[in-house]
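Each remark here refers to the structure printed beneath this line.
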Amino acid sequence: MAVTVFIPTLHATPEVQSDSPRERLPFNRGWLFSRNDPPDAGDALVYERIKDWLLPCGDHLLNLSPRRHSPLGTGPGEMRVVGISYTLADYDDSRWRKLNLPHDWGIEGPFHPDLTGKTAKLPWFGVAWYRKHFALPAIDTGRHVYLDLDGAMAYATVWINGIFAGGWPYGYTSWRVDLTPYIKFGGENTLAIRLDNPRESSRWYPGGGIYRNVWLVKTAPVHIAQWGVRVTTPVITNDSAVVNVAVTIDNKTGNKSETNVITKIYQADHAGLPVGQAILQSSSVTARIEAGEQAWVSHSLVVPSPRLWSLETRNRYVAETDITRDSAIIDRVRTPFGIRAIQHTAGNGFLLNGKRVPIRGVCMHHDLGALGTAINFRAMERQLEILHEMGCNAIRTSHNPPAPELLELCDRMGFLVQAEAFDCWASGKVRDDYSRLFPDWHEKDLRSMVRRDRNHPCVIQWSIGNEIREQGSSGGRKLAAHLAGIVREDDRSRPVVAGFNLIQSGYNGMMTAADIVGYNYKPFEYSKIHRTHPQYPILGTETASTISSRGEYVFPVSENKLDGRNKSTYQVSSYDLYAPKWGSTPDTEWRAQDENPSVMGEFVWTGFDYLGEPTPYNSDTTNLLNFATAAESAQAAKELDGLAKVRAPSRSSYFGIVDLAGFPKDRYYLYQSRWRPGLPMAHILPHWNWPGREGQITPVHVYSSGDEAELFLNGNSLGRKKRGAFEYRFRWDDVVYSPGELKVAVWKNGKPWTETVRKTTGSAAKLLLTPDRAQLRADGADLVFVTVTVADKDGLPVPRAQNSIRFSVTGPAEIAAVDNGDATSFAPFQGSERAAYNGFALVISRTKPDKSGILVLRAESDGLEPAAIELSSK
């Protein structure tokens, strides 16, 4: 009998496939939440006590040979946790908080000055429980039922109807629990999930909670395994492409099974769903599977005149794989994929479909600013839209496996991805980080990432680690080779890379374990490494680390990269000349790339500001994120100690090209000028509102894709400049401030290119609201991001405005969060009021589920003309 199967898409409401016996149901609604353990818990759930239960779980789910068995003989389903009342089906949870997933409890705050700045001074650590009551119809009897979690932070353990069923400790891994033996078909069931975040387990804000999507999957007992379809395209020409489809089948019955496997190929639409009739169909392959075992079958098909996936034409196909018995379909899985050829060359950089594509990438942590780590499709899409407009074409998922939706977005929007697994191996960076898990879990976590993500055409590299401590030892080389070997067992179609921050890692043999020499902050090493190892491709895996605050400028302008701090406000000047000791300006990195054109490109630290790591104002915790030796750490600690003398100056980073609220900093336009050379653009900094600076030197910089520029102040020319070799900005460093108008005219190749102006504004007079969209989905998850501008009477943004703004919304929506991009603000993200920061604020509104209509968002501020906008939710 055919029932529905849900295929996840970009939106919160999945598409429906009505011709398969498999169901994949969103399982996010209707959860109950409580912080802390019950009084009867004792210490029974400390990780050291439960890891022997969890280890066999991971082995079983990934079909690995168990490394150890519990000395107590307890595995999934074999142990009832006596006395842990929250696990019991009949526990009274009527007073628990009701919520929907994804959920991050840490972002709810409050900020606390005594908490560490490196993790944003938010209470993300500790224990929390989630419970859910649900019924399964009796008709499901005989089916297999799985709980799939895309990510839960962290040390998750799962009970069903009071029985321990499994779990997973690494908060960034996607994983599965088999609920089948413990389900009550035809009755009510109770899930209980416990999370436990050790306080010293992260160098940045990790969030807390079931922060990614959860799914309930129902299959026949004989079915395609989790991530059990692998598609590769080993041969691609203009006329045809070979598509190999390998299928892993699970037999969860007690009997030998014989089934047939067929795969059809369809063209895909934008969402990765099949369009029209199949263009190819494989022959049927018989799979004979022993009881409780797996079988593997494969198909090889040839696609004529393939439509290639690229950054400009994001063409995809769908492999539809059916398992049949006696001509009846017993399982079906649809797998989107792309046909594209990638090459990482030592002499000509990165090639996509035979053409050189410079990697213009950014590193991204996984939080979504004011929304915390709870994933949201629209929030991620907005981030990528902002980065795309800048000219960014690549994302490094620093330093952990990403949400699957991010990769789906990158497939759709045309981004390359370096998927990264770990921030450390056996040697840790903070007390309770992944080093605790590495000996037992690294293989499971690494295989989970590769198997889940290997069909995404956007993924071009697998990173096995970031600035790992072992990179200077022979043991580290062996570990690197071991990890690279695990990756290659599951996918040989992409190279292995790591982010090395020690110079010697390019010469001591570490690079032989990887396929690419990935250097963090070593632009002056590119030429030497290329001469020494000309056979290795080179990539800036982490570059620049320039720091700045949007709209802040410090005078006089210093050329020392360690300057630029305003020690009274804990902001950093936005002249884009400043960086920590290990970092550099964008200009320094670009000169090294231009002098070494074989370098494939870079991943800048970072695309967006993120929660935590408030360098240089992190002396409360001496956040030594880029030092591998004790001597380097000691020296850095001494230097950082002098940067701030208060306990709680900041709670988020200054590294972003875009601030935490999504507003571009000046640096955004510097990168745009290089990464979009064909775009006529020019950007003037600083702003031109400087009462009290009349007659004083106020340097003016211009970022432009042109090659010649002339600056005018109030109609008077301040000189025409032509960019020389290795010059990436125009500078007029002796401008004397006078209010009025700055104008720059730009030429390129001797022809007029563009011009722009910067004016002294009047005082703040009104508010302006600019939504990123006018039409929303009434699904309870869709968001609209509304920019709030404090403007003068002529509508010009007032660049130093700090007015407090009140928000309200009527209709089928609510205020989800507010922000302004100020790293020093400890005002809660939840609320209906926010001060503008240098002229701007952000209000995020979320639709209500299944309620359509017109919503009206209003903004008010004392002494200013209010503003309101109407939006539609359907």
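Going residue by residue through the stretch 181-192, is there one that turns out to be over 26 Å from Lys121 (Cα atoms), in a helix (DSSP H, G or I), of a type in the set (Phe, Trp, Tyr) and in the same structural domain as Asp114 (by TED's automatic domain parsing)?
yes
State all residues of the stretch 248-280 that are among the polar types (S, T, N, Q) and either exposed (fewer than 13 other Cβ atoms within 10 Å of the Cβ) or under 13 Å from Tyr317 (Cβ atoms) (or both); if no residue qualifies, say none.
Listed by number, the residues that qualify are Asn255, Thr263, Gln267, Gln277.
Going through the stretch 481-531 one residue at a time, which ones are aromatic (Phe, Trp, Tyr), in a loop (DSSP other than H, G, I, E, B) and modelled with pLDDT of 95 or more?
Within the stretch 481-531, just Tyr521 meets the criteria.
In the stretch 552-575, what residues are of a type outside the set (Lys, Arg) and either assigned by TED's automatic domain parsing to the domain that holds Trp590 or surrounded by fewer than 17 Cβ atoms within 10 Å (Cβ to Cβ) (or both)?
Phe555, Pro556, Ser558, Glu559, Asn560, Leu562, Asp563, Asn566, Ser568, Thr569
With the condition kept exactly as written, say whether any residue in the stretch 728-739 is exposed (fewer than 14 other Cβ atoms within 10 Å of the Cβ), assigned to a loop (DSSP other than H, G, I, E, B) and either within 42 Å of the chain's Cα centre (by Cα) or in contact (Cβ under 8 Å) with a residue 60 or more places away in the chain (or both).
For the stretch 728-739, residues exposed (fewer than 14 other Cβ atoms within 10 Å of the Cβ), assigned to a loop (DSSP other than H, G, I, E, B) and either within 42 Å of the chain's Cα centre (by Cα) or in contact (Cβ under 8 Å) with a residue 60 or more places away in the chain (or both): present.
Please work out which residue is nearest to the chain's Cα centre (by Cα), limiting yourself to the stretch 795-828 and to residues that are more than 12 Å from Gly839 (Cα to Cα) and among the charged types (D, E, K, R).
Within the stretch 795-828, the match that is nearest to the chain's Cα centre (by Cα) is Asp819.
Report yes if Gly167 is touching a Ser or Thr at 6+ places or on another chain (Cβ under 7 Å), of a type in the set (Gly, Ala, Ser) and either within 23 Å of Pro221 (Cβ to Cβ) or crowded, with 20+ Cβ neighbours inside 10 Å (or both), otherwise no.
When the stated conditions are applied, Gly167 passes them.
Every residue in the stretch 219-244 that is closer than 27 Å to Pro26 by Cα and under 29 Å from the mean Cα position of the chain (by Cα), please.
Ile224, Ala225, Gln226, Trp227, Gly228, Val229, Arg230, Val231
Could you check how many residues of the stretch 101-148 are touching a strand residue (DSSP E or B) at 6+ places or on another chain (Cβ under 9 Å), over 30 Å from Pro221 (Cα atoms) and surrounded by fewer than 18 Cβ atoms within 10 Å (Cβ to Cβ)?
2
Out of all the residues in the stretch 444-472, which are touching a Gly at 6+ places or on another chain (Cβ under 9 Å) and part of a helix (DSSP H, G or I)?
Lys444, Asp445, Ser448, Arg451, Arg469, Glu470, Gln471
Take the residues in the stretch 659-675 that are among the hydrophobic types (A, V, I, L, M, F, W, C) and surrounded by fewer than 24 Cβ atoms within 10 Å (Cβ to Cβ); name whichever of them is nearest to the chain's Cα centre (by Cα).
Phe663
The values are calculated or read from the model by the stated rules, or taken from the named source; none is laboratory data. Keep in mind the model is a prediction, meaning the values are calculated, not measured. Reconstructed Cβ throughout: ideal geometry from the backbone, glycine too, with neighbour counts over all protein chains shown.
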